[in-house]
Amino acid sequence: MHYSTLLGRKDMIGCVLCKDAPCTAACGKLDAAEILRSIWFDNEASAAEKLSGDFPCRECPAPCESACLAPAKVGIRSLMLRLHDEVLPEVEPLSDEDRLKTDLCGVPLENPFLLSSSVVASTYDMCARAFDAGWGGACFKTICNFEIHEASPRFSAVKGDNGTIIGFKNIEQLSDHSVAENMKIFRDLKKNYPNKFILASIMGQNEREWADLARQCEENGADAIELNFSCPNMASDGLGSDIGQIPELVERYTAAAKSGCSIPVLAKLTPNVQSLVPAALAAKRGGADGLAAINTIKSILGENLHTYVSAPAVHGMSAVGGYSGNAVKPIALRMIAELGWEEELKPLHISGMGGIETWQDAMEYILLGCGSVQVTTAVMQYGYRIIDDLKSGMNRYLLEKGFNSIRDARGLGLSTVNASTDVLERGTVVYPRFQRDGCIGCGRCVISCADGGHQAISMDRDRKPVLNLRNCVGCHLCVLVCPTDSILPYNRRRTPLV
């Protein structure tokens, strides 16, 4: 997607993505909040497409900006003008969502987006609202036979400069509803939403329980079973991630669950291991039809410098918990790639998760071999409404790439990444190129290159950067630190430069 202007979060960094947003109410002609939300979720084309009719913004006094609740008012009118004038002319309209249709182990999915097993899929009402919003299905919060009593508080987070959550920690456990209550939810969901996918997450204490829970879920409407071998908050007494670290137990309990049902079974793997592959192969030996990865990563989220207690603090104590959110995506993608490289695992469906917020995040998982994706933390932060941009953004990408289905894109990125850096070409350098018109003369590139690079950049009398080609090694630290994106990769040359 190469539109003449790409916007993005930094253009609307103050927006708080309000519920019943005052900017929309003040306008009365455009759903300004919906358009802003599409920009936020890297979906500028769909945002622009919403401006394809009568365009009221050009001479408007912008009451939307006066109504904005953000402390630093968002420049809504200028964003709308740029979308309409620079992005919309290059946008190809979408006609339908057929490209998003796929399947999970042979069971149809209207789109690849599922809620992952967590609080966001823990009641009938929540799943129903998600299905009405457009989600393809839900992996229901893990069902078990033992009592659950949650701690309070149980969430904490690492936030960015604008207040959005980058990394999220939870010490939450499993469903606190009885098995009978959850089975009724399944029956009601399947009755009222027969075309939505119900993935039942279960956790047993022994082989009999794994088999019995799988059987009950199938009898009450589940389309597939997900075996929770990975919850970091249920690691005592041989549960949760303790199981996922022992391939023999993964194989045994997978086989037990398979013996109790005839629907597809996925093993949800723990990232708290050196490699997912041994457990994945064990699940396959046990009869698994697919894999789900990754669950949250064991973490401690800082220390309070006054109370000396980590977060979340529960009566002066805390505990190791599960870390999720966009911060874990690079780790999750590496683990998904490892599964995709393994020949024996190629027949298995992979449902990927870990830090997915935008359609681009989701496509990265598909390009590395996933057939479906699951989302929790982004929904907890932004709500079920994000499905609109997940679907339209991915649909437009598939259209522009000429793909008829996400199946056409699945795994295309696996051959371009390797587990070892030894395969990389090392005889050339890609030098940076400075765009002087965009440069504000801050000197960040000079500081970073001097103290963290190769002393290859200086400043001229106009406070513009000058590159010393003999010192530059093409590391691109300067590209990354530039606050105005005014340093770009240039041409590749052989080294050493003569």
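The values are calculated or read from the model by the stated rules, or taken from the named source; none is laboratory data. Keep in mind that what you see is a predicted model, and the values were worked out from it rather than measured. Methodologically, a virtual Cβ is constructed for each residue, glycine included, from the backbone with ideal geometry; neighbour enumeration extends over all protein chains shown.
Worth pointing out:
- Filter pass, residue 311 being buried (at least 18 other Cβ atoms within 10 Å of the Cβ), in the same structural domain as residue 290 (by TED's automatic domain parsing) and at pLDDT below 95: yes
- With a requirement of 1 or more residues that are in contact with an Asp or Glu (Cβ under 7 Å, 6 or more places away or on another chain), the helices (runs of 4 or more DSSP H) lying completely within segment 13-122 that satisfy it span 22-27, 32-40, 44-49, 76-82.
- Residue within segment 27-49 that is surrounded by fewer than 21 Cβ atoms within 10 Å (Cβ to Cβ), in contact with a His (Cβ under 8 Å, 6 or more places away or on another chain) and either at pLDDT below 95 or more than 29 Å from residue 377 (Cβ to Cβ) (or both) present: no
- Among (1) assigned by TED's automatic domain parsing to the domain that holds residue 165; (2) surrounded by 12 or more Cβ atoms within 10 Å (Cβ to Cβ), the one test that residue 435 misses: (1)
- Test: residue 113 is in the same structural domain as residue 320 (by TED's automatic domain parsing), touching a helix residue (DSSP H, G or I) at 6+ places or on another chain (Cβ under 7 Å) and more than 30 Å from residue 317 (Cβ to Cβ): yes
- Qualifying residue in segment 277-291 (condition: in contact with a Cys (Cβ under 9 Å, 6 or more places away or on another chain) and of a type in the set (Asp, Glu)): yes
- The residue that is surrounded by the fewest Cβ atoms within 10 Å (Cβ to Cβ), among those in segment 456-470 that are among the hydrophobic types (A, V, I, L, M, F, W, C) and out of contact with any Ser or Thr (no Cβ under 6 Å at 6 or more places or on another chain), is 469.
To keep it simple, each residue is scored yes or no on (1) within 30 Å of residue 222 (Cα to Cα); (2) buried (at least 17 other Cβ atoms within 10 Å of the Cβ); (3) in contact with a strand residue (DSSP E or B) (Cβ under 9 Å, 6 or more places away or on another chain); (4) touching a residue at least 40 places away in the same chain (Cβ under 8 Å).
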{"position": "55", "(1), (2), (3), (4)": "no, no, no, no"}
{"position": "80", "(1), (2), (3), (4)": "no, yes, no, yes"}
{"position": "91", "(1), (2), (3), (4)": "no, yes, no, yes"}
{"position": "99", "(1), (2), (3), (4)": "yes, yes, no, yes"}
{"position": "114", "(1), (2), (3), (4)": "yes, yes, yes, yes"}
{"position": "119", "(1), (2), (3), (4)": "yes, yes, yes, yes"}
{"position": "143", "(1), (2), (3), (4)": "yes, yes, yes, yes"}
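- Once segment 163-186 is narrowed to residues that are more than 30 Å from residue 101 (Cβ to Cβ) and of a type in the set (D, E, K, R), the residue that is surrounded by the most Cβ atoms within 10 Å (Cβ to Cβ) is 169.
- Scanning segment 225-282 for residues that are small (Gly, Ala, Ser), without any contact (Cβ under 8 Å) to a residue 40 or more places away in the chain and in a loop (DSSP other than H, G, I, E, B) gives 235, 240.
- Just one of the listed residues (8, 14) is surrounded by fewer than 19 Cβ atoms within 10 Å (Cβ to Cβ), closer than 26 Å to residue 161 by Cα and touching a residue at least 60 places away in the same chain (Cβ under 8 Å), namely 14.
- So residue 382, is it under 30 Å from residue 20 (Cβ atoms), of a type in the set (Phe, Trp, Tyr) and at pLDDT 95 or above: yes
- Cross-chain or 6+ apart pairs with Cβ under 9 Å, segment 395-412 first and farther than 18 Å from residue 373 by Cα, then exposed (fewer than 15 other Cβ atoms within 10 Å of the Cβ): 399/92; 399/95; 400/92; 401/408; 402/408; 404/98
Residues are listed down the side, and each one gets a yes or a no for (1) surrounded by 14 or more Cβ atoms within 10 Å (Cβ to Cβ); (2) in the same structural domain as residue 332 (by TED's automatic domain parsing); (3) within 26 Å of the chain's Cα centre (by Cα):
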position	(1), (2), (3)
135	yes, yes, yes
161	no, yes, yes
188	yes, yes, no
191	no, yes, no
197	yes, yes, yes
228	yes, yes, yes
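- Complete set of residues in segment 283-300 that are of a type outside the set (A, V, I, L, M) and in contact (Cβ under 8 Å) with a residue 40 or more places away in the chain: 284, 289, 290, 295, 296, 298, 299
- Condition broken by residue 473, with the remaining ones in (1) buried (at least 17 other Cβ atoms within 10 Å of the Cβ); (2) touching a His at 6+ places or on another chain (Cβ under 7 Å); (3) aliphatic (A, V, I, L, M) satisfied: (1)
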